[in-house]
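The values are calculated or read from the model by the stated rules, or taken from the named source; none is laboratory data. A quick note: this is a predicted structure, and the numbers were derived from the prediction, not measured. Cβ placement follows ideal geometry from the backbone for every residue including glycine, while neighbour counts extend to all protein chains displayed. Side chains are part of the model used for accessible areas, which takes the heavy atoms of the whole protein and leaves out ligands, DNA and RNA. Shrake-Rupley method; radii C 1.70, N 1.55, O 1.52, S 1.80 Å.
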Amino acid sequence: MDLIRRSGEILVECFATIEALLRPGVTTGELDRVVEEFIRRRGGVPAFKGYQGYPASTCTSVNEQVVHGIPGPRVLEEGDIVGIDIGVARNGYYADASRTYAIGAVSGEARRLMDVTREALDRGIDKVRVGNHLSDVSHEIQRHAEANGFSVVRTLVGHGIGREMHEDPQVPNFGLPGRGPVLVHGMVLAIEPMVNEGSCEVLTLKDKWTFVTVDGKLSAHFEDTVAVTKDGPVIMTR
Ligand code: MF3
Ligand code: CO
C-alpha cells in the first residue's frame, strides 16, 4: 500500500503541473509531453505508454470524448472540458487517476456535469469500507449521477490495481447494492465514474481508442486509486 501511495504522489504532482499549464491555446500533446517527462524525472514509468499499443502517457478526452482520447495537435479552446487520465508505475506498483478540467469559462451545464461526476466519485469512495459489498460503491455512483439528471457509462468500468494496472475485480459505476465481493482490508481499487450529459451510449472512433458519446453531448471522468482499510477509505492519488 505504501508503494502504491508513492506512485500516487507522482500523480498528484502531475496534476498540479498540468493545472499550471491549462489555458486556451495549449495542445493535448504538449500536456502529454510534460507529464511523461515529469513522471520519468520522478523515477516512475508512464503506465499507459505501450499498454496494448497505446501511444501516449496520458489520455486526453475533450467534450463529447468520454475516455482514452489520444493526445496530439488538438488545441484546447475556451469553453472546452478535458479529462486527463494518467497512470504511473514506480517500483512495480501502479496508481491511476483522472480529473476533468474546464478551459476558461465553460457553460453552466458543463460545470454541473463536472461537479456531479466528482461528487459521484467522492460518494462512491465513502462506501469503500470493510464489510461493504463492491456494488455498494457502484450503486452510490449511479444514484448520485442519475439523481442529477445525468447517465453513467456502463460499457467501461473501474478495476483493482496494484502490481498491475488492471486487476480483479471490475468496478462498475452502476448496479444494485449488496452484490459482488465483500471489501476487505488491503484491497486497492481504481474507481472511475464516466458520467454523460445525455444518453449513456458510447462508441469508439476509427483510431480504435477514443470513446465518444453517441449523442455528441458532454462527458466527464474522474478517477482515484483507493485502498480499503480498517480505518476507512485511503485515497492514494490526492
Ligand atoms: N486509465 C485507464 C483505465 O483505467 C487506462 C487507459 S488505457 C491505456 O483503464 F491504454 F491508455 F492505458
Ligand atoms: Co483506470
| remark: Only one of (1) touching a residue at least 60 places away in the same chain (Cβ under 8 Å); (2) over 30 Å from Leu3 (Cβ atoms) does not apply to Phe174, and that is (1)
| said: Within segment 1-13, does at least one residue satisfy the condition of being assigned to a loop (DSSP other than H, G, I, E, B), at pLDDT below 95 and either of a type in the set (Phe, Trp, Tyr) or over 30 Å from Gly216 (Cβ atoms) (or both)? | reply: yes
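Would you check which residues across segment 71-94 are within 16 Å of ligand 2 (Cβ to nearest atom) and open to solvent by 20 Å² or more (accessible area, probe 1.4 Å) and list them?
Filtering segment 71-94 for residues within 16 Å of ligand 2 (Cβ to nearest atom) gives 83-89, 93-94.
Matches in segment 71-94: Tyr93, Tyr94.
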| Of all residues in segment 121-148 being of a type in the set (Val, Ile, Thr) and either open to solvent by 30 Å² or more (accessible area, probe 1.4 Å) or in a helix (DSSP H, G or I) (or both), the one that is nearest to Arg179 (Cα to Cα) | Val137
| Is segment 85-97 home to any residue that is out of contact with any Ser or Thr (no Cβ under 9 Å at 6 or more places or on another chain) and more than 27 Å from Glu37 (Cβ to Cβ)? | no
| Pick from segment 200-238 the residues that are among the polar types (S, T, N, Q) and buried (at least 22 other Cβ atoms within 10 Å of the Cβ): which of them is farthest from the chain's Cα centre (by Cα)? | Thr213
| note | Of the residues in segment 150-186, those that are open to solvent by 40 Å² or more (accessible area, probe 1.4 Å), in contact with a Pro (Cβ under 9 Å, 6 or more places away or on another chain) and assigned to a loop (DSSP other than H, G, I, E, B) come to Arg154, Val157, Gly180, Pro181
| Only one residue in Ile70, Ile125, Ile84 is over 30 Å from Val228 (Cβ atoms) and touching a residue at least 60 places away in the same chain (Cβ under 8 Å), so which one is that? | Ile70
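Does Arg41 satisfy being free of Cβ contacts under 8 Å to residues at least 12 places away in the same chain, away from ligand 2 (no atom under 16 Å from the Cβ), open to solvent by 60 Å² or more (accessible area, probe 1.4 Å) and not acidic (Asp, Glu)? Don't jump to the end; show me each part of the working.
Numbers: free of Cβ contacts under 8 Å to residues at least 12 places away in the same chain: yes; away from ligand 2 (no atom under 16 Å from the Cβ): yes; open to solvent by 60 Å² or more (accessible area, probe 1.4 Å): yes; not acidic (Asp, Glu): yes.
It is true that Arg41 is free of Cβ contacts under 8 Å to residues at least 12 places away in the same chain, away from ligand 2 (no atom under 16 Å from the Cβ), open to solvent by 60 Å² or more (accessible area, probe 1.4 Å) and not acidic (Asp, Glu).
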